[in-house]
Amino acid sequence: MAGSCIHCGDEFQKKVKGYRRQSIASRLKTSETVDNALVNVLKLKPITPLACCLFPHNIEEHWCLHVKFYCSDVTKELLIANSKYTYLKEYIITLSLENPTSITLKDEKQGKDDKLLVTMFAAGHCPGSVMFLFEGSHGNVLYTGDFRLAKGEAKRMHLLHSGSRVKDIKSIYLDTTFCSPDVMHLPSRVECLQALIELVDGWIYQSPKHMVRLTCKAKYGYEYLFVELSKHFNMQIHVSVNHFSYYNKVPDVSQYLTTEGKTTQIHACKWEDCKLEETASVLVIQPSTMWFIYNAKPGVVKKLDTHKYRVCFSFHSSCSEIRDFVGYLCPENVYPNVIPVGCSEEVVVNRSLVLMSPY
């Protein structure tokens with residue numbers, strides 16, 4: 001779940017500079033829906049770039065049999081749980097986090113092999129999301145994909161270091177979704193969770209008929225909230241049968257979810273599927289990021305109505321978190337993966353250059 005980003009309708013296909021026989025992409029689009037089905041892709045031959053809109057039809061018609069997809073175990077399970085992508089199973093190879101793996105890139109035209117050391121790190125964006133570190137004869141390249149890392153987390157990733165010093169990073173392909181002075185700071189996930197717990201706690205203990213509805217727009221990314229809320233209140237989170245099916249083989253998430261709406265007071269389902277008593281008192285909470293940014297509302301929580309709140313929760317690092325990450329690693333080059341809404345590539349590139357100042 002790392003890789004090039006399709007943001008606001010734009011498609012970013014990334015060929016990593018220095019390693020021309022590999023590409024990374026993160027989001028698979030079908031002609032019908034985006035579905036947020038994500039996969040980390042490492043192509044091992046100089047083949048046709050990913051055409052995301054036609055992806056499910058291309059692999060056998062236009063790609064050679066040498067193509068392989070490298071991703072985390074969770075990404076694989078989420079991907080093949082979707083019937084549209086089950087046929088990809090034979091092409092997927094899973095890697096373990098922070099376990100350097102040697103991969104041979106074959107160039108049949110040149111008759112040469114090129115060995116590459118690949119390490120995956122947790123990216124904190126959503127379940128299974130990872131960053132890729134490529135180490136080889138053309139220098140070290142880090143590809144973040146979509147990521148949400150708190151300040152100081154790069155310092156704790158020991159495989160980004162050689163002894164006591166940071167490895168020389170030639171290039172970083174960076175999640176620049178919020179690389180903007182307008183998004184300098186965002187509440188941490190812990191701050192968001194604490195605010196959410198306080199809202200839920202003050203509501204559900206009034207009576208067993210007091211329910212909380214979490215309105216979550218994206219398919220993935222809220223699992224941290226689901227898991228931690230479930231642990232805190234000792235009750236599972238109700239989701240739809242369809243949503244639950246994606247987590248069948250992801251026990252770290254599924255054990256905290258239920259499809260039985262009448263067994264819990266916390267719901268992230270489609271309300272019409274819940275069939276609760278009409279007399280239930282419902283508190284609606286919507287985790288949001290863009291709403292807080294556009295409306296210039298500081299803080300973690302905003303009350304919209306008597307029974308409706310928004311909580312600031314982000315899948316992407318804030319500008320200050322991005323600065324901390326890049327400033328600590330001090331790469332030679334930074335390449336943006338995302339052009340934020342209302343911004344140009346030139347502006348984002350210039351902002352990225354500023355990020356390269358020493359930590």
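The values are calculated or read from the model by the stated rules, or taken from the named source; none is laboratory data. Note that the structure is predicted; figures quoted are calculated from it, not measured. Virtual Cβ from ideal backbone geometry, glycine too; neighbours counted across all protein chains shown. Note: accessible area is taken over every heavy atom of the protein model, side chains too, but ligands, DNA and RNA are not part of it. Shrake-Rupley method; radii C 1.70, N 1.55, O 1.52, S 1.80 Å.
Of note:
- Residue pairs exceeding 28 angstrom between C-alpha atoms, taken from Lys249/Lys308; Lys84/Lys170; Lys76/Lys231; Lys76/Lys270; Lys219/Lys303: Lys249/Lys308; Lys84/Lys170.
- Pairwise centroid distance, computed over Cα atoms, of the range 180-220 with the range 297-359, Å: 21
- The share of accessible area on the range 200-359 that comes from carbon and sulfur is 49 percent, using a 1.4 angstrom probe.
- Cα convex hull volume per residue for the range 170-237 (Å³): 143
- Global geometry of the range 196-302, whether rounded, prolate or oblate, following the gyration tensor of its Cα atoms and the 1.5 cut on a/c: oblate
- Per residue, the range 219-352 exposes 48 Å² of solvent-accessible protein surface, assessed with a 1.4 angstrom probe and all protein chains in place.
- Inter-site label distance for Val347 and Asn234 at 7 Å from Cα along Cβ, in nm: 5.2
- Where chymotrypsin sites (Phe, Trp or Tyr not before Pro) fall in DSSP loop in the range 169-240, at most 11 other Cβ within 10 Å: Tyr205
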